[in-house]
Structure formats: C-alpha cells, structure tokens
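J.: Below is a structure I'd like to ask you about.
The values are calculated or read from the model by the stated rules, or taken from the named source; none is laboratory data. Predicted model, so just to flag it, every value in this text is computed and none were measured. Don't worry about glycine lacking a Cβ; one is built from the backbone with ideal geometry, like all the others, and counts go over all protein chains shown. Protein only, heavy atoms only, side chains kept; ligands, DNA and RNA dropped before computing areas. Shrake-Rupley method; radii C 1.70, N 1.55, O 1.52, S 1.80 Å.
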Amino acid sequence: MKNVRQTNINIHRDSWVEINIENVSHNMRELRKHTPQNQKLLAVVKADAYGHGSVMLAPTLLASGADMLGVASIDEGVDLRQAKINCEILVLGAVPVWAVETAVKADLTISIFSKEHLKACRQVFDRTGKKPKVHVKLDTGMNRIGISVDEAVEFIEKVRKADYLDFGGVFTHLANAEIREKTQIQIDRWNKVISQIDTDGLTLHILNTAGAMCYDVPNSNMRRAGIGIYGLYPDLPENGSIEKPDLKPVMSLKARIVNIHEAKDGEGVSYGHTFTAHGTRKIATVPLGYADGVPRSLSNKISGMLNGKEIKQIGNITMDQMMFDITGVEASLGDVITLLDENHSIDEWAKILGTINYELTCRLKVRLPRVYTR
C-alpha cells in the first residue's frame, strides 16, 4: 500500500517528481550505520534538499539519525524555522555581514572566516544582547571561502576569546575526494590547524559523503551527508578502501500522455526536425520540458518506461513538452511515462551531459510539483 503526501501546491499539470520517503529514511540509516558511534552526522539540505524538498524531508532526516541540518543560505535556514524545524541548523555558505542579525533571530549557526564577520557579530551582540552561533570555516584547498590555513590558528584564538560569540565548531570542505593524493594534502593541512587549537567542546567536521566513504580523519567528530541521502553516489577514488553504503534512489520523474498521434514516413518531429520518422511511427506527447529542468541537450538521447516497455524520447525537447516513440506499445491518453526511477538513474543523464547528478536533481524543482510517497 502506498501512502502519499504532496506539497501545498495545486497540481494542474500531468508531470511531477515523486519522492520516496522510505528510501530517504533507509539511506540515512545506512549513512548513520557507517558513521562511528562517537561522531555526529549533519544532513545537508541546501538547494531545497538537492531538489527533493527540505521542509518535507527534514523531519524524516532527524528521525533517521541526523544530529544537525546544513543549508547554503540564511533564507534556507529561515524556511526550515518557519516550518517548526528546531534542531541546530548550520549555514555552510558565506553570510552577508548585514544579515547576521537575521541569522541570530532565527537561531541559525553561521560560518565565519573574516574580520568583517567578527565586527558584524560584535555589532549584533551589542544591539541584541544575543551571541551569534558560529563555526569557523577553513580553506584547506578548495579556494572558495574560508580563512587560510596560515591565518587560521590566530583567527580561531580570537574567536575562542570573543565573549560576544557562541563558538561551536571548525570545518573545511574537500575539493577532490575522488583523488586520494590531493585529499591527503587537505587532511594534512586540517590536522596541522586542529593540532594547534583548543578543541574542547567544538564540533570538528571535514568529511562529506565521498570523504566519509573513503577516509578516516581522527581530528573530527562529525560527518556531513549530502548527495548520499538522496540515494546517489558522488565520484569516488578508483583505488584504495571504500566503505560504500547500500543506498536506494529517492527521486522519480513521471508524466502522463496528453496526446497520441502518428507521424508518417519522412515526417520530422519537434523543432528543427532532429528526428525523422522511418515508416509510420506512433508518437506520444507529455507535458514536460526544459523549463521543468530536463536539459534540452538530452534530446534524442534518453528513454522512458511505458506500460512495462522501454521507449525512446524523440525530437528536440521543448520548453514545456517532449515526445516519445511508442510504436508497438499499447497505450492510452493519461498513461504514465516514467523517465527516472530505480532503473533509469539520473546518473545516466549526467554521463550523457558530462556533468554531475547533483546539478540535475537541483534543476527538477522549477515548477514540477513533488509528490511524497512511503
């Protein structure tokens, strides 16, 4: 029996993303099982949980073993607070100095790594009497955000002594978890800093989903789970030990047939006629296109399932619609074509496009309703 929950949105379009909550729970339990008992686990729900719906999934993540949640921005954290999510929430990205007070009022933990952050935090404390909750972000080799390793020890000492801060942790991010030699350089830089500071009471985290599968860093007491929560694997090293949890895919993509017609021999399909019928072909149209997050560059390269049969997508994917060749398949208006499920992985799309699964799951949220099943 299938229990269904759906987002607070009217569905007047026959295409949708389906999210399997039970698989989310399974994946979290698997990741928790592979996390040392003395370590915390942070579930990353940035970018609306990689397109899966952060507000809807947060309770399941917390009930399945997450100790904290991670977001990219203050707005994402505020959305969770408004949904009555009361756990610790860490803003992993850079916080504008003018928005620190908003973070404090929402009881969010922010990442800091500059003197400007310290100044802003002091000003907020002076105005409100509330200490901003902070983690210090180190740049060990990502070259994105964070205090440099050379300046980190002195900066952390300032943060530790600041009576206007609630100092909770230190973290960094791996740039090349799939390359052991480069990752070891980052781990060495991390260890150098951590060995020189007072870590009493601090949460220390360096390993993401890929890092947790491949490395053990004693100078840490929390891991961050991201893409693995959603049943997808990151890029992993080709050599060495890998502790790969048994993950189940969470997201499916489906659409109902809105039109069935025939294309005669020699007739083209869709803009540019990039597909030409050889013999009479039966064509099905579904209301799903690149404005929904299915890249146009996948045109004529992907397939779906219709009534147990594999069918090819044909012609250029348009803004709102796409076509399939359903010749030889019994089908009626309203039948469901499945583009993504446990047998049609978004990894296949990523490989065709030369990108990563993260990017594609995040795209499928622009205007597609999400239906939650268990």
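J.: Tell me, please, whether a residue that is among the hydroxyl-bearing types (Ser, Thr, Tyr), assigned to a strand (DSSP E or B), open to solvent by 10 Å² or more (accessible area, probe 1.4 Å) and at negative phi can be found in region 270-282.
T.: There is at least one residue in region 270-282 that is among the hydroxyl-bearing types (Ser, Thr, Tyr), assigned to a strand (DSSP E or B), open to solvent by 10 Å² or more (accessible area, probe 1.4 Å) and at negative phi.
J.: If I ask for residues that are open to solvent by less than 10 Å² (accessible area, probe 1.4 Å), in a strand (DSSP E or B) and not hydrophobic (A, V, I, L, M, F, W, C), which ones from region 301-324 would you list?
T.: Within region 301-324, GLY304, GLN313 qualify.
J.: Restricting to region 207-234, give me the number of residues that are closer than 21 Å to ASN38 by Cβ and either over 16 Å from the mean Cα position of the chain (by Cα) or of a type in the set (Gly, Ala, Ser) (or both).
T.: 14
J.: Filtering region 285-300 down to residues that are assigned to a helix (DSSP H, G or I) and open to solvent by less than 10 Å² (accessible area, probe 1.4 Å), which residue is nearest to ILE257 (Cα to Cα)? Step through it out loud before you land on a result.
T.: First, pick out the residues of region 285-300 that are assigned to a helix (DSSP H, G or I): 290-292, 296-298.
After this cut, where a residue has to be open to solvent by less than 10 Å² (accessible area, probe 1.4 Å) as well, the list is 292, 298.
Details: ASP292: 16, LEU298: 19 Å.
Within region 285-300, the match that is nearest to ILE257 (Cα to Cα) is ASP292.
J.: Quick one: which residue in VAL78, VAL97, VAL55, VAL4 is at pLDDT below 95, out of contact with any Pro (no Cβ under 6 Å at 6 or more places or on another chain), among the β-branched types (Val, Ile, Thr) and open to solvent by 10 Å² or more (accessible area, probe 1.4 Å)?
T.: Unique residue meeting the criteria: VAL4.
J.: Same structure again: State yes or no: is THR373 polar (S, T, N, Q), modelled with pLDDT under 95 and within 27 Å of the chain's Cα centre (by Cα)?
T.: On the way: polar (S, T, N, Q): yes; modelled with pLDDT under 95: yes; within 27 Å of the chain's Cα centre (by Cα): yes.
The answer is yes for THR373.
J.: Just need a number here: residues in region 100-125 that are touching a helix residue (DSSP H, G or I) at 6+ places or on another chain (Cβ under 8 Å), buried (at least 17 other Cβ atoms within 10 Å of the Cβ) and of a type outside the set (Val, Ile, Thr).
T.: Result for region 100-125: 9.
J.: Regarding region 143-150, can at least one residue be identified that is at pLDDT 95 or above, surrounded by 21 or more Cβ atoms within 10 Å (Cβ to Cβ), in a helix (DSSP H, G or I) and of a type in the set (Gly, Ala, Ser)?
T.: No; the residues of region 143-150 include none that is at pLDDT 95 or above, surrounded by 21 or more Cβ atoms within 10 Å (Cβ to Cβ), in a helix (DSSP H, G or I) and of a type in the set (Gly, Ala, Ser).
J.: Name every residue in region 310-363 that is among the aromatic types (Phe, Trp, Tyr) and closer than 16 Å to PRO249 by Cβ, in order of residue number.
T.: TRP349, TYR358, listed by residue number.
J.: If you check THR327, THR338, THR361, THR355, which single one turns out to be open to solvent by 10 Å² or more (accessible area, probe 1.4 Å), in contact with a His (Cβ under 8 Å, 6 or more places away or on another chain) and either more than 24 Å from VAL55 (Cα to Cα) or of a type outside the set (A, V, I, L, M) (or both)?
T.: Criteria check complete, one pass: THR338.
J.: Taking region 293-312 on its own, how many of its residues are hydroxyl-bearing (Ser, Thr, Tyr), farther than 16 Å from ILE283 by Cβ and out of contact with any helix residue (DSSP H, G or I) (no Cβ under 8 Å at 6 or more places or on another chain)?
T.: 0
J.: While we're on this one: Going by the structure shown, is ASP200 in contact (Cβ under 8 Å) with a residue 12 or more places away in the chain, exposed (fewer than 15 other Cβ atoms within 10 Å of the Cβ) and more than 30 Å from PRO369 (Cβ to Cβ)?
T.: Criteria not met by ASP200.
J.: Can you confirm whether region 131-142 contains a residue that is part of a helix (DSSP H, G or I) and open to solvent by 30 Å² or more (accessible area, probe 1.4 Å)?
T.: Scanning region 131-142 turns up no residue that is part of a helix (DSSP H, G or I) and open to solvent by 30 Å² or more (accessible area, probe 1.4 Å).
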